[in-house]
1. Exactly one of (1) within 16 Å of ligand 2 (Cβ to nearest atom); (2) among the aliphatic types (A, V, I, L, M); (3) at the interface with chain B (Cβ under 9 Å from one of its Cβ atoms) is unmet by A:ILE80. Its number?
2. Checking A:ALA57 against (1) away from ligand 2 (no atom under 16 Å from the Cβ); (2) more than 13 Å from chain B (Cβ to nearest Cβ); (3) out of contact with any Gly (no Cβ under 6 Å at 6 or more places or on another chain); (4) of a type outside the set (Phe, Trp, Tyr): exactly one of these is not met. Which one?
3. Is it the case that segment A:50-60 has a residue that's among the β-branched types (Val, Ile, Thr), out of contact with any Ser or Thr (no Cβ under 8 Å at 6 or more places or on another chain) and away from ligand 1 (no atom under 11 Å from the Cβ)?
4. Give segment A:96-140 a look and list any residue that's within 23 Å of A:ASP166 (Cβ to Cβ), part of a helix (DSSP H, G or I) and more than 14 Å from chain B (Cβ to nearest Cβ), or say none.
5. Can you list the helices (runs of 4 or more DSSP H) found entirely within segment B:1-90 that contain at least 3 residues being out of contact with any Pro (no Cβ under 6 Å at 6 or more places or on another chain), of a type in the set (Gly, Ala, Ser) and at pLDDT 90 or above?
6. So in segment A:163-195, with the set limited to residues that are crowded, with 23+ Cβ neighbours inside 10 Å and within 16 Å of ligand 1 (Cβ to nearest atom), which one is farthest from the chain's Cα centre (by Cα)?
7. Restricting to segment A:273-297, and then to whatever is under 30 Å from A:HIS235 (Cα atoms) and modelled with pLDDT under 70, can you tell me which residue is surrounded by the fewest Cβ atoms within 10 Å (Cβ to Cβ)?
8. Return the residue satisfying two criteria in turn: it lies in segment A:18-45 and is within 14 Å of another protein chain (Cβ to nearest Cβ), farther than 25 Å from A:GLU175 by Cα and surrounded by fewer than 22 Cβ atoms within 10 Å (Cβ to Cβ), and of such residues it is farthest from ligand 2 (Cβ to nearest atom).
Amino acid sequence: MGSIVSVQGVTKTYASGHQALHSVDLAIQEGEILALLGPNGAGKTTLISIICGIVNASSGSVTVAGYDIVKQFREARRLIGIVPQELTTNSFETVWDDVSFSRGLHGCKPDPALIERILKDLSLWDKKDATIMTLSGGMKRRLLIAKALSYQPRILFLDEPTAGVDVTLRKGMWETVSRLRDEGVTIILTTHYIEEAEEMADRVGVISQGRILLVEDKQVLMQKLGEKSLSIILHEPVEALPESLAHYQLERTDNGRILTYRYDGNAERTGITRLLGDVAAAGLRLKDLQTSQSSLEEIFVNLVSEAS
Amino acid sequence: MNWQAIKAIYFFEMNRTRRTILQSIISPVISTSLYFVVFGAAIGARIESVEGISYAAFIVPGLIMLSLLTQSVTNAAFGIYFPKFTGTIYEILSAPVSPWEVVLGYVGAAASKSLIIGLIILATANLFVPLEIAHPLWMMTFLVLTCISFALLGFIIGIWADNFEKLQLVPLLIITPMVFLGGSFYSISMLPPAWQTVTLFNPVVYLISGFRWSFFGLADVHVGWSVLAIAVFLVACMVAIHKIFSSGYQLKP
Ligand SMILES: Nc1ncnc2c1ncn2[C@@H]1O[C@H](COP(=O)(O)OP(=O)(O)O)[C@@H](O)[C@H]1O
Ligand SMILES: [Mg+2]
């Protein structure tokens, strides 16, 4: 699997003078689901808008399946579908007409059977003759997806697809996404919900203040997620750790009042029983114990605060 | 060429017209009929004739132009302004369409619509005053060229406008006065000599004069100047649009 979208040194400074992207490099693999995770204002929408041709980059280049998005915009854009973050829909057209319009706009001949299937898949079939302004928010979101699918793009950008969507619809959205992935569509979604990235993505890219901080396999991130820590709070602080505890690589904090032990929470043997035995044998008196798990949230917060 | 896309935009716009048929077609026809009643019948009864043509007939070309210009400009301006305003322009910008294909779709639809209105008004006028058209082919040429070039102007205005006021302002404050002062209801020769000279700087004078010539065979300025004026205007609009697209002005942040 090669990279289907390649972003190289893309920067963006808006007319207001605000720099939304700082030399972003990103390679998106064919067939993957990539989640771009970052807080509001990180530059997620700006980045995908540049790839799709909605915003001009200030510098840098983007290729889609090898086609330059500026010089070969026709070839590049034929492959791309985008579902915007805001519910920017027409109002007076019918669902059917609006989806058919999108297909035509992308240079495809009419295909009523395909559009019927898409609308049925997205539970919009019974609304096909309804005017758009009579749809609920969740239906409008699905309409935007139907429009993007009407010309069968190979790459689909979903900008905060589940924002303002209730729990059942969110489940349905996830099903749609995984079905598309099974059909071989590459999917890039942006979100500021960690659970969403965790649930749906193969890889996660963390973006903050216009910089991509890391792009990592979700499994690798989950491994980090598996790390747990045990804090031993002592009655009396210790100046130096006894020799017998040296191999546990404990971390002394709070002037020696707290000893922290890190272990793999998924492992068969965590070493906690032996550690506690050795602590007691060394004559240290325990006041309290505390365990905690580093979450993706924590990893994320650490990364973001390191960057700033 | 992405013909499917041009077709999609064109029919999207024409459907919008069909949905608002009362406002977009019937209302200009009614207002023009009112002009006929007021100017043609009431006032025209006291003006015997202008250069040998009955006054009611004389104002027909000017009235058609008045509708044609305002309709072409407002339709095209609104057509491109609206998706910009609602945000649905994202779809046009991210589609495999070139800027000129977008222009063909929007301007083509706006021009078609005002052409239809122009022909309906002509038919309506014929009910009030019997008309004989001296140069039908030239009449159609003027009609079509005017629709296209002023729809292009409207397209530019729609891109330039960043609020509804600006969108309404140009047709109201520029187009309408230019048409009224461009000899829709009078012959330039009826003005004092100084004003005749001033009027020659009004581009609409050439349009109306040429259009009137195609009806009655007489004109304020030579018909060649009329053809040249409209050609220059058409090219100027196309150059402006080319500049707009190559800079991304007002369309892409
Ligand atoms: N059209 C614009 N003009 C000026 N600044 C903008 C524009 N669009 C976005 N920004 C700014 O760029 C930054 C990134 O925005 P955005 O890409 O929308 O972030 P995200 O999608 O991650 O929430 C924000 O600070 C935002 O205020
Ligand atoms: Mg966003």
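1. (1)
2. (2)
3. yes
4. Scanning segment A:96-140 gives A:ILE118, A:LEU119, A:LYS120, A:ASP121, A:TRP125, A:ASP126, A:LYS127, A:THR134, A:GLY137, A:GLY138, A:MET139.
5. On the way: elements: B:3-19, B:27-35, B:55-58, B:60-86.
Helices (runs of 4 or more DSSP H) meeting the threshold: B:60-86.
6. Only one residue fits best here, namely A:ILE188.
7. A:SER295
8. Taking segment A:18-45 and keeping what is within 14 Å of another protein chain (Cβ to nearest Cβ), we get A:18-21, A:43, A:45.
Now narrow it down to the ones that are farther than 25 Å from A:GLU175 by Cα: A:18-21, A:43.
Filter again for surrounded by fewer than 22 Cβ atoms within 10 Å (Cβ to Cβ), leaving A:18-19.
Working: A:HIS18: 14, A:GLN19: 16 Å.
The extreme case among them is A:GLN19.
The values are calculated or read from the model by the stated rules, or taken from the named source; none is laboratory data. From a predicted model like this one, the values you see are computed outputs, not experimental measurements. With ideal geometry, Cβ positions are generated from the backbone for all residues, glycine too; neighbour counts draw on all protein chains shown.
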